[in-house]
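Inspection log for the structure reproduced underneath, given as structure tokens.
The values are calculated or read from the model by the stated rules, or taken from the named source; none is laboratory data. Treat the numbers as computed from the prediction; the structure is a model and nothing was measured. Reconstructed Cβ throughout: ideal geometry from the backbone, glycine too, with neighbour counts over all protein chains shown. Ligands, DNA and RNA are excluded from the accessible area calculation, which covers all protein heavy atoms including side chains. Shrake-Rupley method; radii C 1.70, N 1.55, O 1.52, S 1.80 Å.
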Amino acid sequence: QTAIDSVKLVVESCETLDDRTLFDCLAAANLNIAECLKVDPTLEGMGTTLVVLTIVDGHVFWVSVGDSPLLLFDKHHELHLLNEDHSMRPVLDKLVESGVMTKQSPEYQKKVNQLRSALTGEKIEIYDLNTIGVPLAEYRYIVLASDGLDTLSRDEVRKILSEFDNKGAKEIASELVTAVDGKRASKQDNTTLIVIDLLTYQTSYYE
């Protein structure tokens, strides 16, 4: 909530949404987490991932830290991950590709969800800032989610978006959360998501 409130203050106080706005959102969120830790030392260890998205003139721009995915679903029913994954997953997947380990190995399973970067009030080691923009003309939906959505494979997410393509953002958001619940995964991460219908710019928020 500290991060969200910080982002809202930055966005509400700026006259135009530009490259600097996104970076200021990131910096403000991290700074306010640091201030919380100064006021209340018992919060030591708190932190969060963050995705901030803006749509300007038919293009999407973003800044993100951590492993919360920003997904685009196109008009051909293909799913695209826009932002970088700052967990250990991409690093370990390269080791799997090179034959050093398998996805079933204990080391992979233990480290795959560990974060390489997050907002903790300390120096941000890695962040993804897109200031070029991705044109949205060929896309149908945007999905912003916490990493709890990764309980579903990307193909499972794609299939739900395809099946409910004509039902709108609310139905898609509901079906995605229902599918996550249906997995009955042990130690299920929080699953919060926003689905944006690019035909109507209607959004649905589910948790």
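Per-structure values
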quantity	calculated
Strands (runs of 3 or more DSSP E) wholly inside the stretch 128-207 containing at least 1 residues that are over 16 Å from L53 (Cα atoms), in contact with a helix residue (DSSP H, G or I) (Cβ under 6 Å, 6 or more places away or on another chain) and open to solvent by 60 Å² or more (accessible area, probe 1.4 Å)	202-206
Of residues in the stretch 113-127 being among the charged types (D, E, K, R) and more than 15 Å from the chain's Cα centre (by Cα), the one most open to solvent (accessible area, probe 1.4 Å)	K123
Criterion violated by R89 - all others in (1) open to solvent by less than 60 Å² (accessible area, probe 1.4 Å); (2) within 30 Å of G45 (Cβ to Cβ); (3) basic (K, R) satisfied	(1)
Matching residues in the stretch 75-86 - criterion: being in contact (Cβ under 8 Å) with a residue 60 or more places away in the chain and either open to solvent by less than 60 Å² (accessible area, probe 1.4 Å) or in contact with a helix residue (DSSP H, G or I) (Cβ under 9 Å, 6 or more places away or on another chain) (or both)	H77, E78, L79, L81
Residue in the stretch 29-74 that is farthest from D165 (Cα to Cα), counting only those that are of a type in the set (D, E, K, R) and open to solvent by less than 40 Å² (accessible area, probe 1.4 Å)	D67
Listing of strands (runs of 3 or more DSSP E) fully contained in the stretch 1-111 that carry 2 or more residues being under 22 Å from K123 (Cα atoms)	50-56, 59-65
Neighbours by Cβ (under 9 Å, 6+ apart or cross-chain): first from the stretch 103-132, at positive phi; second outside any helix (DSSP H, G or I)	G121/M46; G121/G47
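Every residue, every condition in (1) among the charged types (D, E, K, R); (2) modelled with pLDDT of 95 or more; (3) touching a strand residue (DSSP E or B) at 6+ places or on another chain (Cβ under 7 Å), yes or no:
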{"residue": "D74", "(1), (2), (3)": "yes, yes, yes"}
{"residue": "E78", "(1), (2), (3)": "yes, yes, no"}
{"residue": "R89", "(1), (2), (3)": "yes, no, no"}
{"residue": "T102", "(1), (2), (3)": "no, no, no"}
{"residue": "K111", "(1), (2), (3)": "yes, no, no"}
{"residue": "Q114", "(1), (2), (3)": "no, no, yes"}
{"residue": "A137", "(1), (2), (3)": "no, no, no"}
{"residue": "L144", "(1), (2), (3)": "no, yes, yes"}
{"residue": "D155", "(1), (2), (3)": "yes, yes, no"}
